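Read the structure below first, then the notes.
Taken together, the values in this text are just the output of simple stated rules run on the coordinates, not laboratory data. It should be emphasised that the depicted structure is a prediction, and the values quoted were computed from it without experimental measurement. All Cβ positions, even for glycine, are placed from backbone atoms using ideal geometry, and neighbour counts span all protein chains on display.
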Amino acid sequence: MRVAKKIAFGIDIGGSGIKGAPVDLSTGEFVADRVRIPTPENSTPTAVAEVITELVGSFDLPKKVPIGVALPAPIDYGIVRSMANLDKSWTGVDLPALLHGATGRPATAVNDADAAGLGEQRYGAAGGRNGVVLVTTLGTGIGSALIVDGRLVPNTELGHLEIDGYDAETRAADSAREREDLTYEQWAERLQRYYSVVENLLSPDLIVVGGGVSKKHERFLPLLNLRTPIVAAQLRNTAGIVGAAAMAADDAKADKPIRRAVESAPMSFTADAKYPLSGK
Ligand code: BGC
């Protein structure tokens, strides 16, 4: 007997590309090859929603398959609270409502690092770990997901800690390494400072490092001297897609979905908080 796979569609919105794939929720693996479409230069919510509609439409998926979208921003119950690295007009947008309107599917929105954290927790390097696990992503910004005994504490935004007078991600994200043409040794000094502060604040049991550069983890992780074990993400750059799909599936079956805002009216929520240090 053939048993139908349980799937959800995961999408990761990044600064340069919007990537999506249907995910088998029992294994965390892609059911079909991932599709990537470049992020529109003018990365407004409407332009991105059009790309997502095209992306989802390029797969032949039953109408009830939910979509989960990871965005590089804090998201409170579907509402984008602020935006550091895409168009500023994202602030205040109800992303699940926008995507439900555009695609007709149940839609869930989640911070990109939280999605990656959930992906690693369910299917990757943090699998089955209890205690305090911190998943960080090093890319255009620094993303963070804090998972305590398997439960996500959403929107921690630890990339924006102020360290030595700087918004930390402007010094220690992978984009800073590229922009300033740092060697891995020079960059590791900045990571050392960053992770030392974070480990002193949170005393995690495990730190997982994701983002595209985690492919090269052997060039910088061994240079770090921390109390906490620090390992590379197992799902590498697919963790965001996988975690967003998993969260969409959770929300789709929950009586009271926590991050989905589809049929019901969006919760009233004022979303005008800004990071004083993002300065962009
Ligand atoms: C954003 C976070 C995001 C991180 C990684 C930061 O600039 O504020 O929400 O998770 O970048 O993309």
Take T44 and L223, extend 7 Å from each Cα along the Cα→Cβ direction, and tell me the distance between the two endpoints in nm. 4.2 nm
Which value does Rg/Rh take for the chain over its C-alpha atoms, Rh per Kirkwood? 0.95
Translational D (Stokes-Einstein, µm²/s) of the stretch 127-237 at 20 °C and 1.002 mPa s when Rh comes from the Kirkwood sum over C-alpha pairs? 154 µm²/s
By how many nm would the segment from T27 to V153 lengthen if fully extended, with 0.36 nm per residue of separation less the alpha-carbon distance? 43.0 nm
When R151, R177 are arranged by how many other beta-carbons sit within 10 Å of their Cβ, fewest first, they go R151, R177
What whole-number distance in Å separates the alpha-carbon centres of the stretch 204-247 and the stretch 27-71? 24 Å
Could you give the spread of the C-alpha atoms of the stretch 71-172 along their three principal axes, from largest to smallest, in whole angstroms? 38, 36, 19
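With a Förster radius of 30 Å, plug the Cβ-Cβ distance of V197 and K88 into 1/(1 + (r/R0)^6) and report the FRET value to the nearest 0.05. Write down the numbers at each step before the final one.
Details: r = 28 Å, r/R0 = 0.93.
After rounding, the FRET efficiency stands at 0.60.
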Residue span V35 to K6: 0.36 nm per residue of separation minus Cα-Cα distance leaves a gain in nm of 8.5 nm
